[in-house]
1. Of all residues being more than 14 Å from chain B (Cβ to nearest Cβ) and of a type outside the set (S, T, Y) in region A:231-264, which is nearest to B:T279 (Cα to Cα)? Just the residue, please.
2. Could you list, in sequence order, all residues of region A:265-278 that are more than 14 Å from every other protein chain (Cβ to nearest Cβ) and buried (at least 20 other Cβ atoms within 10 Å of the Cβ)?
3. Take the residues of region A:209-230 that are more than 7 Å from every other protein chain (Cβ to nearest Cβ) and assigned to a loop (DSSP other than H, G, I, E, B): which is farthest from B:C448 (Cα to Cα)?
4. The conditions are (1) outside any helix (DSSP H, G or I); (2) among the aliphatic types (A, V, I, L, M); (3) in contact with a Gly (Cβ under 8 Å, 6 or more places away or on another chain), and B:A62 fails exactly one of them. Which is it?
5. Please go through region A:38-53 and give me each residue that is surrounded by fewer than 24 Cβ atoms within 10 Å (Cβ to Cβ), of a type outside the set (A, V, I, L, M, F, W, C) and not in a helix (DSSP H, G or I), ordered by number.
6. Pick out the one residue from A:G232, A:G212, A:G280, A:G288 that is more than 20 Å from A:V34 (Cβ to Cβ) and of a type in the set (G, A, S).
7. Please specify each residue of region B:385-435 satisfying the condition of being under 20 Å from A:L130 (Cβ atoms), crowded, with 24+ Cβ neighbours inside 10 Å, within 9 Å of chain A (Cβ to nearest Cβ) and out of contact with any His (no Cβ under 9 Å at 6 or more places or on another chain).
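The values are calculated or read from the model by the stated rules, or taken from the named source; none is laboratory data. Model, not experiment: these values are computed from the prediction. When we count neighbours, we look across all protein chains shown, and the Cβ atoms used for this are built from the backbone with ideal geometry, even at glycine.
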Amino acid sequence: MDVLPLSGAAEARADLVGGKAHSLMILVDAGFSVPPGFIVSTEAFRAFLEYNGLDEELRSVEATLLSLGLSESVAAKCDQLRKRATLGAWPRYLVGSIGNRLDNLGAPSLAVRSSAVLEDRRDASSAGMLDTTLSVPANLERVLEAISRCWASLLNRRGIAYRMNMSLEPVCDVAAVVQRMIPAEVSGTLFTKHPDRLRSETMVIEATYGLGETVVRGLITPDRFLIARESGGVLETRLGRKHLQIRAGPEGPIEEPLPCGRQERLCLGHETLAQLWDLGLRVERLFGSPQDIEWSIDQQCIWVLQSRPLTCFAGG
Amino acid sequence: MNWKKTVTRPLSPLKASSLFEGLEIGIDRYVGAPFRSHLLEPAGTGHAWYVLEEEWSAFVAAIRDRAQDISYIEDVAKEAERVCKALLDVARRISQTNHKRLSRASLLDAFQEYRAVLVSYPFIAWGFLVIDELLSKALLARLNFVLTQLNRTSEADKIAAILTTKTGTIAAEEEELDLLRLKSLAKQVDGPELSSLLEQHAEKYTWLPMYDHNIRPWSKEHFQESMNRLPSNVEEVLQAKVREQAKRKETLSQTLSSLRDPELERLSHLMQRFILLRTYRTDVLREVYYLIDPFLSEIVRRMGHGNERIAYLTCDEFIEYLENGSRLSSEILECRMEKYAMLRVDGRTQVVCRERDIHALLEKHLRLEATSEELKGDGIFPGVVKGRVRILRTGHTGSVLEPGEIIVSEMTTPEMHEALSRAGAIVTDEGGITCHAAIVSREMGIPCVIATGIATKVLKDGDLVEVDSNAGVVRRISE
């Protein structure tokens, strides 16, 4: 149960794969295009901690956090543990099973994302709190490195502070999702319901050229499209300020200015918007609640990179 | 002037001024589409670099035009290799002279010689931006054509990835391999010998981090520490790395021979050459900066400054001193070390550093209206809040934030989370209604106005503002 395929949600224990991976499995099972990949489970996570003698220390840090809060001394301890985890060694059997999956996947470049086991809450997205590594070359060592970095980021001050602030467990189990990196031409986000209550009959799509990091992090102002949920009609388009793009390079993401002519152009046409609208409604139906979806388009299709419940709506 | 933002990247006045010059004079020589105007705006830990919209378009068009012919791209690769070699040659020559005994006139000759080569460099750097894209398009088009003929289109993705994956090694990887070898050797040699081997290693790679003139080279201790951190099964790791490299080369050559298309082979080799050149050219610049550092130190020493100030003079200012002895005061250099903005128009590069002057410069060129009392953006969580502005730069955590202050930043990052929870409201330059700042604002119930475009440029720490996120407006209000 250390390394699991990215499908078969019904049989998988959510506490083994984490929230993000679990929703990806559900999407795969339902036939959505999700970049192929595998999950390095929370069991592997605990084995990794144990192998590096970090589990006991982590438990004591957690106890201190819960009783005394995030003091400077415990934060310093977290930093220290985080560094040790980043440089941690890997149990041989895990290296073997991850290596096998990697070979079978045969992807030239990978994305390594975290999948934490947290209470499924509609008011806490944990957005951006754990590290994601994109465009990792398909080299076992580099992939292991990205996984340990992703796991170690659990001990980032910012994440701990966020979870404590939102009354979540300060330290939780984390799985990692390793997927084929999509060399996206256009990417973005999709809220199946506008977060503004007054516009809840509207779907919001925000998009730009290249990878979606620029949209998610707010590095640029993306093109925005408001779509009528009911009919799929485009109600409003607004050209963003897309001065730069991030694209998938062979050795990591590359940030560069957007080639001329593209800044002044909307990055999505009506046909793609209609496909996204349909996709958004189907994903929402699958999960039974409004969703915050990240997607990418390459020459093949629209890929769903992530879907999570939309966190609280404005005013409520 | 119609400024276009290119990249955000920290650049010292010395590095920036030489790039400006090369983008004007050097690029004019190569393709006749010079960048005559530049604006470098200080922004947190990075710098936003603006060029003129029409100059950028003309440059892209000029290269596109020429690169229709693949042999032009091959010529550019050859030229890049030539320029890199010439730069290293001149830097090595300069590093070997005894600067202390040179007259000012001889120092001037050496500096001019260096500058004359450096002026060719920016063409490689910016030209690659355009060529990369054209080359990958040509490669993929040819690949699709070949695969269609062979009825193997289903493999397109996989093969495209193989062709565009780096097979050679770059300096940083060479260094890692050498360090692994050294660690593996450590078991067999005695202390003094290991120390001298490490010394040699440090000498060979000390320049690796020197992205700019104000970054110090790595010391022997640094390499010693990295060696200690290497895993103990060095031989295994080393073998795995070498195998991996060999495997990648092998895969590439097997793939190419199975496709049997000379044109595709030509494009693939060119692609590989460019992938390596991309890193190699910046590595060369790093090594050059390292090599000429003592030479530049000597010049600033004669100007009466310490070598920590090298990076804060422009090329022209070096020349002016060497030509007629004019020096910059310590106050100006100190001020630049704090913060600066740069402008190049009409062949002159200007550096301004006082907050007031920076503000005036940006106001004039980026058409910011300091007097404008209202900024418009998208409101997120509704509310009307008054408070004092606290500018937070990217990468900062905002631990200084007083409860209720208004966070104004280019974008918010997860690092700012603690500060966000104490903020009265959030205002950003960029971002959509689905971005991080917006999500956090809704979760925490903090009013937020995103995508104002210019908030970090027109607002200052301590300004009293009213954030009205119902209307998506931020107003400066009187005390």
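1. That would be A:V234.
2. Selection gives A:L273, A:W277.
3. Checking each candidate, the answer is A:E230.
4. (1) is the only condition that B:A62 fails.
5. Answer for region A:38-53, where residues must be surrounded by fewer than 24 Cβ atoms within 10 Å (Cβ to Cβ), of a type outside the set (A, V, I, L, M, F, W, C) and not in a helix (DSSP H, G or I): A:N52, A:G53.
6. Numbers: A:G212 fails: more than 20 Å from A:V34 (Cβ to Cβ); A:G280 fails: more than 20 Å from A:V34 (Cβ to Cβ); A:G288 fails: more than 20 Å from A:V34 (Cβ to Cβ).
Going through A:G232, A:G212, A:G280, A:G288 in turn, the sole match is A:G232.
7. B:H417, B:T434, B:C435
Residue-wise test of (1) more than 17 Å from B:D283 (Cβ to Cβ); (2) in contact (Cβ under 8 Å) with a residue 24 or more places away in the chain; (3) among the acidic types (D, E).
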residue: B:D157; (1), (2), (3): yes, no, yes
residue: B:D190; (1), (2), (3): yes, no, yes
residue: B:E193; (1), (2), (3): yes, no, yes
residue: B:E199; (1), (2), (3): yes, no, yes
residue: B:W218; (1), (2), (3): no, no, no
residue: B:S226; (1), (2), (3): yes, yes, no
residue: B:V237; (1), (2), (3): yes, yes, no
